[in-house]
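What follows draws every value from the coordinates through simple rules; no lab data is involved. All of these numbers come straight from a predicted model, not from anything done at the bench. Cβ coordinates were reconstructed from backbone atoms using ideal geometry, including for glycine residues, and neighbour counts include every protein chain displayed.
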Amino acid sequence: MKYQVTLNGKIYEVDVTETDAVITSVSQAAPAAPIAATTPATPAAAAAPSPAQTAINGEKITCPMPGTILSVSATEGKAVKAGEVLFILEAMKMENEIVAPHDGVVKQVLVSKGATVNTDEVLAVM
């Protein structure tokens with residue numbers, strides 16, 4: 001199969017087979033036409049906050065990196081000490097402990113075991 005690929009202003013014509021790829025010609029590409037700035041016809045509606053982001057007032061315990069929650073030891077109403085493990089997060093094939101930053105009471109738990117979480121997502125509120 002033949003393909004045309006433009007890279008850094010040059011057009012490469014590439015012939016691809018099951019076992020290899022061969023560049024059959026190279027030519028100078030025409031300068032790209034400027035792209036006119038467009039404005040959306042209607043403004044995008046503000047996304048409604050997810051239940052996890054509409055937490056009770058208090059200190060939010062957030063996720064430091066994307067991953068999967070392996071275990072949840074935090075429960076609503078539980079008194080915790082500083083450094084006590086609240087969640088185990090698997091990220092990049094490693095288990096990371098998410099701990100209580102200080103003594104306090106867990107007001108709300110917003111994730112469950114097996115949940116996929118993103119950086120800065122609220123996991124719990126103290």
### Query
What is the fewest-to-most order of MET92, MET126, MET65 by other Cβ atoms lying within 10 Å of their Cβ?
MET92, MET65, MET126
### Query
Once you have the alpha carbon radius of gyration of the range 60-125, what is it after dividing by 2.2 N^0.38 Å, with N set to its residue count?
0.99
### Query
So how do 79-85, 118-124 stack up, highest first, on mean other-Cβ count within 10 Å?
118-124, 79-85
### Query
How high is the FRET efficiency from MET1 to GLU97, r the C-beta distance, R0 41 Å, rounded to 0.05?
0.20
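Before anything else, pin down the relative contact order of the range 60-125: Cα pairs under 8 Å, at least 6 apart, normalised by residue count, whole percent.
Working: 159 pairs, mean separation 30.1, N = 66.
Here the relative contact order equals 46 percent.
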